[in-house]
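Enquirer: Have a look at this one.
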Amino acid sequence: MGGKSMPGHTLLSKAEQRSGLSDWGYDQTFRIEPGVLIEILREIEPLPKAVDRFTTHMIDLLATRLRLVDDASRHPEIPAIKIERPIILIGLSRTGTTNKAPSPSVQCGRLRV
């Protein structure tokens, strides 16, 4: 990426390519934020490596949004699922918290931490 920030529409296109999806959902207010962040990034004149990392992270976040919108449209029953006993993990980075997170293969009610 060479340290040059991308315009917001380019970030959206890259996210679509990465995810293979293009439906951004009905709420389009998120489109304002990448442009604002890009302008702030240009003003502070960061190192090229920081721009590359920021750009990659933005594309990842936008691709995640596309996947969430896709999940919601393919599985409209998800919002109706009642979560009675959520699992909340809190921990400092690099302390192994991720290893304590239950995997999808963990049977409900049999979690050992």
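The values are calculated or read from the model by the stated rules, or taken from the named source; none is laboratory data. Because the structure is predicted, anything quoted here is derived from the model rather than measured. Virtual Cβ from ideal backbone geometry, glycine too; neighbours counted across all protein chains shown.
Enquirer: Could you check how many residues of the stretch 1-28 are assigned to a helix (DSSP H, G or I) and either among the basic types (Lys, Arg) or modelled with pLDDT of 85 or more (or both)?
Expert: Residues that pass the stated criteria total 10.
Rundown of residues vs (1) modelled with pLDDT of 65 or more; (2) of a type outside the set (A, V, I, L, M), yes/no style:
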{"site": "Glu84", "(1), (2)": "yes, yes"}
{"site": "Leu92", "(1), (2)": "yes, no"}
{"site": "Thr97", "(1), (2)": "yes, yes"}
{"site": "Lys100", "(1), (2)": "yes, yes"}
{"site": "Gln107", "(1), (2)": "no, yes"}
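Enquirer: Out of the stretch 43-63, which residues are farther than 16 Å from Thr10 by Cα and part of a helix (DSSP H, G or I)?
Expert: Glu43, Ile44, Pro48, Lys49, Ala50
Enquirer: May I pose another question? Among the residues of the stretch 56-92, write down those that are of a type in the set (D, E, K, R), surrounded by 12 or more Cβ atoms within 10 Å (Cβ to Cβ) and more than 12 Å from the chain's Cα centre (by Cα).
Expert: Asp70
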